[in-house]
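**Q** One structure, pasted below without further comment.
The values are calculated or read from the model by the stated rules, or taken from the named source; none is laboratory data. Computed from a predicted structure; not experimentally measured. Cβ sites come from the backbone with ideal geometry, for glycine too, and all protein chains shown count toward neighbours. When the accessible area is computed, the model is the full protein with side chains, heavy atoms only, and any ligands, DNA or RNA have been set aside. Shrake-Rupley method; radii C 1.70, N 1.55, O 1.52, S 1.80 Å.
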Amino acid sequence: MFVAVCFIGGNMAGTVEASNADQAIGESGRADVIVDEGKFDHPATESVLITPLAGTLDRGAADKAAADVTAAMKALPEVASVSDPLLSHDGGALLVRVTMSGDPETAQDRVGKLRDATAGVQRAHPQLRVEETGGESIGQAMDETLGKDFQRAEFLSLPVTFAILIVAFGALIAAGVPVLLALSSVAAALGLSTLASHLVPSTDTTASVILLIGMAVGVDYSLFYLRREREERAKGRKHLDAVEIAAETSGHAVVVSGIAVTIAMAGLFLAGDIVFSSLAIGSILVVLVSVIGSLTVLPALLSKLGRWIDRPRVPVLWRLTRPRGAAEGQSRIWSFILRPALRRPAATLVVSVLALLALAAPALTMRLSFPGMEDLPRTTPAMQAYDRLVKAYPSNGTVHVVAVRIPAGQLDATKAALTELARTAAADPLFAPLDLPAGAEPDIEVSADGKVAVLDVATPFAGRSEEAKESLTRLREVMVPQTVGKVPGVTAGTDAAVGGFVGADVDYAGHVKQKLPLVVGFVLVLTFLVMAFTFRSVVVAVTSIGLNLLSAGASYGLVVLIFQGTWAEGILGFKSMDAVVSWLPLFLFVVLFGLSMDYHVFVVSRIREAVRQGMSTRDAVAHGITGSAGVVTSAAIVMVAVFSIFATLSTVDMKQLGVGLAAAILLDATIIRAVVLPSLMTLLGNANWWAPRFMRRREVPPAPAPVIEGELVGAGR
């Protein structure tokens, strides 16, 4: 009922989407706000490019093709106007610009008719290349590509998760319960997030992040519960007793983990960015709903199902996965893996930490950038045509947007200053020449109320190139102050702002670098407090933070190593952008820190439980890690499999996110939990549980069991 009310109520309330003003960052954000204030009517436009298949352009044949394009386009109701053909500076191409009619928001749905008309002209002129490109064509092509990508990801993620859980439990109902809890949590959180959007506007990525986080934590929490309940039943406990013990132990770990994940996600609010705030709200909601479900619906479901939770059984898998009484948790494989950490903890710790630091070292060379047009897949005709268009007409490529608030009575002076700016830039090699007929004035847009003017200044260089960034600096620091900045009442950088892709790229990277230390500090301090008071140990809190920082650093290093180079392009099917996507480091940190706490809280809880039962720290480490190995391994495999699917998507930002998350979870569940953690806790011994007097529990823990020198003492031995 709760899920239904949330989902239906949220859909009825509707979603409030974030506006440009909400998402404004830096000077480029101010430029976007100024443009929005102008309320410009920007119709959708397309470009039809005519080029030779080889050699030089036959001008006569090209003119005939251009005339056919003009006639075909003017006959369409989707077309408002068609420009005269424009010859490129080198005479190698002819361009016809087409302005579409109707609402630009729906133009992408209607651009197919224009593409069909272009294809008809191409068939009539096989000796030429006649092709169409533009924002609507590219958008339609990319939507088709990405739509297929996400359909494949959604189609694969649930079956893959279910299959892994079947292998983990050997029973269909037990495998279905985690998926059910995760999906119901996602549904409720999606509804709640639409309600929350009336307070903090939502963005396009919020729903995807809710699905990603919800599936991860929902499956994790269910695994913790189910495995502990089965383990207790295998030891001879009655069914309800087993559920109660699972609630007291694994349920407690779920609450602590949920608080830790919530704190990590709450750190995103400090970024001062509506995108991160929206992601934080969505993530927090799905985590809290998952925790509530784990404390209410899950134990109730287990109590009601009884031993039916282990039906129907998969014959071979059931025999391999079923608990075996008191011996549960003993594993020869894990005993072998843990042997170096338990016998030679100092050497094992030094080697493993140095290996992780070496893996993290490339992160020191991390460069941040937005993906641009050059990073989109070149598999579509629209993108191939775009490349040829930019080569022939550089002003159609990377564009700086100069937006100006016009002071009262300064319209003519502002237009004159912008004209001077356009001609000065066109004479500078950092900028593209003006693609205008002889004697024509630069295209300056003025709003209907005469309060806003906009000028596009193009550069022939790729958006992330150093030349493009240099051109932005020259515009902002030299050209705009010396032209528009001299108009009375106009302040460069405020009333006259430079935006566009390059400006947004530079501003957002600087914003992330500025906010990242603040977010990291917030997450570390609050996580320390939660872990310290949960485990009543300062040492456990400090080591928890240190291990998660190692894991996050190693994942950063891997992302840089893979995506700032070119060696993995053929393996993962991407073109290196020689940078990491700007929003990734901050988002990756909070997600990894939160999800890593799931495993850490669960494993350390099992170790502390064993210590409180009288085991030595060394024995407790062996018991806790081998006893939780199945849960941690299963949960990690699920998350690595789901995250790896994102690495198969077409866009480089999704590839980086998928690889970063999958690599970090894999490292965390293997090297961190199986090598670094046991060696560190074994080395520290009783010091693991040190805390100031005011944090200590009142009861005195039982004396540790004696340790047999030189022998690995596992659970029950």
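**Q** How much accessible surface does residue 84 have with a 1.4 Å probe, in Å² rounded to 10?
**A** 130
**Q** Write down the percent of antiparallel bridges among all DSSP beta bridges whose residues are both part of the chain, to the nearest 5. List each step's numbers first, then the result.
**A** Values: 34 of 38 bridges.
Antiparallel bridges make up about 90 percent of those DSSP assigns within the chain.
**Q** Another question, if that's okay. List residues of the range 398-420, by number, whose backbone nitrogen lies under 18 Å from a label position 7 Å along Cα→C-beta of residue 449.
**A** Label zone hits: 403-412.
**Q** Just to verify a number: what accessible area does residue 318 come out at with the full protein assembly present, 1.4 Å probe, Å² rounded to tens?
**A** Roll a 1.4 Å probe over it and residue 318 shows about 30 Å².
**Q** Let me ask something additional. Under a 5 Å amide H to amide H cut-off, with H placed in plane at 1.01 Å, what residues pair with residue 500 once short-range neighbours are removed?
**A** Answer set, sorted by chain and number: 401.
**Q** Related question: Out of the total accessible area of the chain (probe 1.4 Å, heavy atoms of protein only), what percent is carbon and sulfur? Please report the intermediate quantities before stating the final value.
**A** Numbers: 18860 of 30360 Å².
In the chain, the share of accessible area belonging to carbon and sulfur is 62 percent.
**Q** What aspartates and glutamates sit close enough to residue 74 to cross-link, taking a C-alpha to C-alpha distance under 20 Å and skipping anything fewer than 8 places away on the same chain?
**A** Filter leaves 46, 63, 84, 103, 109, 116, 131, 132, 136.
**Q** Turning to a different aspect of this structure: In whole Hz, with x marking every Gly and Pro, tabulate ³J(HN,Hα) for the range 520-530 from phi via Karplus 6.51 cos²θ - 1.76 cosθ + 1.60, θ = phi - 60°.
**A** Result, ordered by residue: 4, x, 4, 4, 5, 5, 5, 5, 4, 5, 5 Hz.
**Q** Along Cα→Cβ, 7 Å out, is where each label goes; now give me the distance between the ones at residue 528 and residue 542 in nm to one decimal.
**A** Those two pseudo-labels are separated by 1.0 nm.
**Q** Next up: Give me the distance in nm between label points sitting 7 Å out from Cα along the Cα-to-Cβ direction at residue 300 and residue 123, one decimal.
**A** Once both label points are built, they end up 6.3 nm from each other.
**Q** Continuing with this model, one more query. With the crude spin-label approximation of a point 7 Å out along Cα→Cβ, what separation in nm comes out for residue 568 versus residue 86?
**A** Between residue 568 and residue 86, the label points sit 4.1 nm apart.
**Q** Can you pull the Rg over Rh of the range 85-134, Cα-only, Kirkwood? Don't jump to the answer; show the numbers that get you there.
**A** Details: Rg = 12.9 Å, Rh = 12.5 Å.
Across the range 85-134, the Cα-based Rg/Rh ratio is 1.03.
**Q** State, as an integer percentage, the relative contact order of the chain based on alpha-carbon contacts under 8 Å between residues 6 or more apart. Kindly include the intermediate steps, with their values, before the conclusion.
**A** Values: 1225 pairs, mean separation 130.5, N = 717.
Relative CO of the chain lands at 18 percent.
**Q** Using a 1.4 Å probe on the protein heavy atoms only, what accessible surface does residue 208 show? Give it in Å² to the nearest 10.
**A** 60
**Q** Could I ask something else about it? Can you pull the semi-axes for the chain, root of five times each eigenvalue of the Cα gyration tensor, sorted largest first, whole Å?
**A** Details: eigenvalues 661, 148, 111 Å².
Listed largest to smallest, the semi-axes of the chain are 57, 27, 24 Å.
**Q** Decide, for the range 106-176, between rounded, prolate and oblate: order the square roots of the alpha carbon gyration tensor eigenvalues as a ≥ b ≥ c, take rounded if a/c falls under 1.5, and otherwise choose prolate if a/b is larger than b/c, else oblate.
**A** Working: a/c = 5.87, a/b = 3.71, b/c = 1.58.
Taking the square roots of the gyration eigenvalues as a ≥ b ≥ c, the range 106-176 is prolate.
**Q** How big is the gap, in Å, between the Cα center of the range 371-429 and the Cα center of the range 271-305?
**A** Using only Cα atoms, the two centres lie 45 Å from each other.
**Q** Roughly how compact is the range 390-536, stated as its Cα Rg over 2.2 N^0.38 Å to two decimals?
**A** Values: Rg = 20.7 Å, N = 147, 2.2 N^0.38 = 14.7 Å.
Relative to the rule-of-thumb radius for its length, the range 390-536 sits at 1.42.
**Q** Evaluate E = 1/(1 + (r/R0)^6) for residue 54 and residue 387, where r is the Cβ-Cβ distance and R0 equals 22 Å; express this FRET efficiency to the nearest 0.05. Mind showing how you got there, number by number?
**A** Values: r = 17 Å, r/R0 = 0.77.
Result of the calculation: an efficiency of 0.85.
**Q** A further question on this structure: Work out from phi, with θ = phi - 60° and the Karplus expression 6.51 cos²θ - 1.76 cosθ + 1.60, the ³J(HN,Hα) of each residue of the range 399-405, listed in order in whole Hz, and give x for Gly and Pro.
**A** 10, 8, 10, 9, 10, 10, 7
**Q** Then there is this: Taking a cut-off of 28 Å, what percent of all Cα-Cα pairs in the range 1-140 are separated by more than that?
**A** 40
**Q** Let me ask something additional. Quick one: 3J(HN,Hα) in Hz for the range 415-428, Karplus 6.51/-1.76/1.60 with θ = phi - 60°, rounded, Gly and Pro as x.
**A** 5, 5, 5, 5, 5, 4, 4, 4, 6, 5, 5, 5, 8, 9
**Q** Share of Cα-Cα pairs in the range 617-689 beyond 17 Å, in percent? If you can, show how the numbers build up before the last one.
**A** Working: 1370 of 2628 pairs.
Everything past 17 Å amounts to 52 percent.
**Q** I need the per residue convex hull volume for the range 339-390, using only the alpha carbons, in cubic angstrom as a whole number.
**A** On the way: hull volume 6.6 nm³, N = 52.
In the range 339-390, the Cα hull volume divided by residue count equals 128 Å³.
**Q** Taking the solvent-accessible surface of protein heavy atoms with a 1.4 Å probe, what is the per residue accessible area of the chain in Å²? Before the final figure, lay out each step's value.
**A** Numbers: 30360 Å² over 717 residues.
Ligands and nucleic acids excluded, the figure is 42 Å² per residue.
**Q** By accessible area of protein heavy atoms, probe 1.4 Å, what ranking do 109, 63 get, highest first? Write down the numbers at each step before the final one.
**A** On the way: 109 125, 63 65 Å².
Result of the area sort, largest leading: 109, 63.
**Q** Okay, moving on. Compute the angle between helix 172-196 and the longest alpha-carbon principal axis of the chain, please, reported from 0 to 90 degrees and rounded to the nearest 10.
**A** In the chain, helix 172-196 runs at an angle near 50 degrees to the longest axis.
**Q** What 222 nm value per residue comes from the helices of the chain, counting each DSSP H run with n ≥ 4 as -39,500 (n - 2.57) and dividing by all residues, nearest 500 deg cm²/dmol?
**A** Values: 23 runs with 426 residues, N = 717.
Value at 222 nm, helices only: -20000 deg cm²/dmol.
**Q** Which order do 465, 544 take by accessible area at a 1.4 Å probe, largest first?
**A** Numbers: 465 25, 544 0 Å².
Of 465, 544, the descending order of accessible area is 465, 544.
**Q** While we're looking at this one, here's another question. Please give the Cα centre distance for the range 122-169 versus the range 32-70, rounded to the nearest Å.
**A** 26
**Q** To test your reading of the geometry: what angle, between 0 and 90 degrees and rounded to tens, separates the Cα axis of helix 381-392 from the longest principal axis of the chain?
**A** Here the helix axis deviates by roughly 50 degrees.
**Q** For the chain, take the longest principal axis of its alpha carbons; what is the angle in degrees between that and the long axis of helix 26-37, to the nearest 10 within 0 to 90?
**A** Roughly 60 degrees, rounded to the nearest 10.
**Q** Of 431, 501, 155, which has the most accessible area with a 1.4 Å probe, and how do the rest follow in descending order?
**A** From most exposed to least exposed: 155, 501, 431.
**Q** Using the Kirkwood radius built from alpha carbon pairs, what does the Stokes-Einstein equation give as D for the range 361-405 at 20 °C and 1.002 mPa s, in µm² per second? Could you put the intermediate results ahead of the total?
**A** Values: Rh = 13.4 Å.
The calculation lands on 160 µm²/s.
**Q** I've got another one for you. Counting other Cβ atoms within 10 Å of each Cβ, which trypsin sites (Lys or Arg not before Pro) in the range 14-80 have at most 12 and sit in a DSSP loop?
**A** Details: sites: 30, 39, 59, 64, 74; in loops: 39.
Sparse-neighbourhood loop trypsin sites (Lys or Arg not before Pro): 39.
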